[in-house]
Amino acid sequence: MYCPFCRHPDSRVVDSRVADDGSAIRRRRQCPQCERRFTTVETTSLTVIKRSGIGEPFSRGKVINGVRKACQGRPVTEDDLALLAQEVEESIRAAGSAEIEAHEVGLAILGPLQKLDKIAYLRFASVYQAFESLDDFEHAIALLRHEAELKAADSAVDGARA
Ligand SMILES: [Zn+2]
């Protein structure tokens, strides 16, 4: 990182701040030679490839808009949605690729949404996974029940241990 004033090839970081949406890091730097300060912004881009093949920057807002309809009438707050979008972004970024296909974003939404609200999850999954019949719903509900039973069994074991 060259100093923009004297072109000194080194600089010292005096402060780092992550942008609100987590997509960029602002660093205040100081040049050891001329001692002037400057700011750099480092972004890690995450591109979503749509079905049409066109890429667009990942957006938490789009994730929220995508699940908002499924959450209508459910006890889900704006904070819940913001947190869900953050979780989705973190899990996608943790996978480490700079590009992701749109359907993978949908997949990344399913887990956190299931934890947040089962009904919203079923609605979202029915559209996203193109449920075609009641059987598809029954299958998804059976899976949810199975997971709930496993969880109940787990906590029963924990309870017995305690
Ligand atoms: Zn300098």
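The values are calculated or read from the model by the stated rules, or taken from the named source; none is laboratory data. Remember, predicted model here, so these are calculated numbers, not experimental data. Cβ: placed from backbone, ideal geometry, glycine included. Neighbour counts: every protein chain shown.
Residues that are within 16 Å of the ligand (Cβ to nearest atom) and outside any loop (DSSP other than H, G, I, E, B) within the range 34-52 comprise Arg37, Phe38, Thr39, Thr40, listed in sequence order. Quick check on the range 119-147: of everything there that is among the small types (Gly, Ala, Ser) and either modelled with pLDDT under 85 or outside any helix (DSSP H, G or I) (or both), which residue is nearest to the chain's Cα centre (by Cα)? Only one residue fits best here, namely Ala130. Within the range 21-49, the residues that satisfy the criterion of being under 17 Å from the mean Cα position of the chain (by Cα) and either surrounded by fewer than 12 Cβ atoms within 10 Å (Cβ to Cβ) or at pLDDT 95 or above (or both) are Thr43, Thr44, Ser45. Scanning the range 53-63 for residues that are assigned to a strand (DSSP E or B) and among the charged types (D, E, K, R) yields a single hit, Glu56.
Here Gly53 passes the criteria (1) at pLDDT 85 or above; (2) over 30 Å from Cys3 (Cβ atoms); (3) surrounded by 15 or more Cβ atoms within 10 Å (Cβ to Cβ) except the one numbered (3). Checked against (1) of a type outside the set (A, V, I, L, M, F, W, C); (2) crowded, with 17+ Cβ neighbours inside 10 Å; (3) on the phi > 0 side of the Ramachandran plot, Arg60 meets all criteria but (3).
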